[in-house]
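Chemist: Starting off with a structure, shown below.
The numbers here are math on the coordinates, done by the rules we state, and not lab data. Remember, it's a predicted structure, so these values are computed and weren't measured experimentally. Neighbour counts run over all protein chains shown; Cβ positions are idealised from the backbone, glycine included.
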Amino acid sequence: MTFPPNLAKRWELEGHLYANIGTLDLLSRTYERGELDPNIFHKQHKNLLTSIVAIRGKLESYNFDLDDFIHTEQIEKLFPYGLEKLHMTEGTDDSPRNRIDYSQIKKLPSVAAEFVANAIELLDLLRLEAIATVDRILPYLDELYAILTKSHVYGTDHWVTQDIDQWIKWMDRQKPGQLLKQDELRKLELQATRWLSDFRRELNNL
């Protein structure tokens, strides 16, 4: 039996999305049990988040309904940790205007996926206070700054770009292995949340 090419492609994308959510769930649970090196975790975690955002953008061409997919595939029951991260990429915890319109992802697929993944990774790292050191945080700030300055979403004079640049300069003055204080972590976490929300709005305005 053969299926229409568009249907076969949709199923393939849905299969990749399901696999990525499941892998993300397993990765998160393994890391929480202390069975995975932090550096390996963050590298794989970011790669999976980037892939999920990219796949969601492609599925938009097939009238994909995320809620139906989650219900049909029993994602909430099978992969609760993976679903939590999926919601973070969607922006469903923000107001509706801050959610990603995935029909716009096609215009900046790699930029959008990389920025969202890096921002979520940064937020996760900041919440793990025991390992939130300058040398772990700074690479994410560098990547976010590089993504924005190379894309057409923001310029160097945009408040998000300037804010990230100020944090980078502050980090450069600290010792590499230095843990951030709680007030510093909360301030950076708040700002990173604002960067991600603003990026979603700007993406939807393209």
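Chemist: Taking the Cα atoms only, what angle lies between the long axis of helix 159-172 and the longest principal axis of the chain, rounded to 10 degrees?
Modeler: 50 degrees
Chemist: Here's another thing I want to ask about it. Going by average Cβ neighbours within 10 Å, how do the peptides 112-125, 69-82 rank, with the highest at the top?
Modeler: 112-125, 69-82
Chemist: Over the chain, with a Gaussian network built from C-alpha contacts below 10 Å, which listed residue (G22, G177, G91) shows the highest mean-square fluctuation?
Modeler: Of G22, G177, G91, the most mobile in the Gaussian network model is G177.
Chemist: Still on this structure: Determine, from the Cβ-Cβ distance of N205 and L66 and an R0 of 22 Å, the FRET efficiency 1/(1 + (r/R0)^6), rounded to the nearest 0.05.
Modeler: 0.50
Chemist: While we're here: At 0.36 nm per residue, and after removing the present C-alpha to C-alpha distance, how many nm does the segment from T133 to K181 gain when stretched out fully?
Modeler: 16.3 nm
Chemist: Hey, got the Cα dimensions of the chain along the principal axes, in Å, largest first?
Modeler: Taking max minus min along each principal axis of the Cα atoms, the chain gives 63, 41, 26 Å.
Chemist: Also, I was wondering about something else. Taking the highest mean first, how do the peptides 141-147, 61-67 order by number of other beta carbon atoms within 10 angstrom per residue?
Modeler: Per-residue mean Cβ counts within 10 Å order the peptides as 141-147, 61-67.
Chemist: Placing one identical point scatterer on every Cα of the stretch 104-206 and ignoring solvent, what is log10 I(q)/I(0) from the Debye formula at q = 0.17 Å⁻¹?
Modeler: Scattering profile of the stretch 104-206, log10 relative to I(0): -0.73.
Chemist: Local charge sum around F79 (other residues, Cβ-Cβ under 10 Å, Lys/Arg +1, Asp/Glu -1)?
Modeler: Numbers: positive: R29, K77, K85; negative: D25, E73, E76, E84.
Value of the local net charge: -1.
Chemist: For the stretch 1-90, count the residues as N, evaluate 2.2 N^0.38 Å, and divide the Cα radius of gyration by that value, please.
Modeler: Here the Cα radius of gyration is 1.16 times the empirical estimate.
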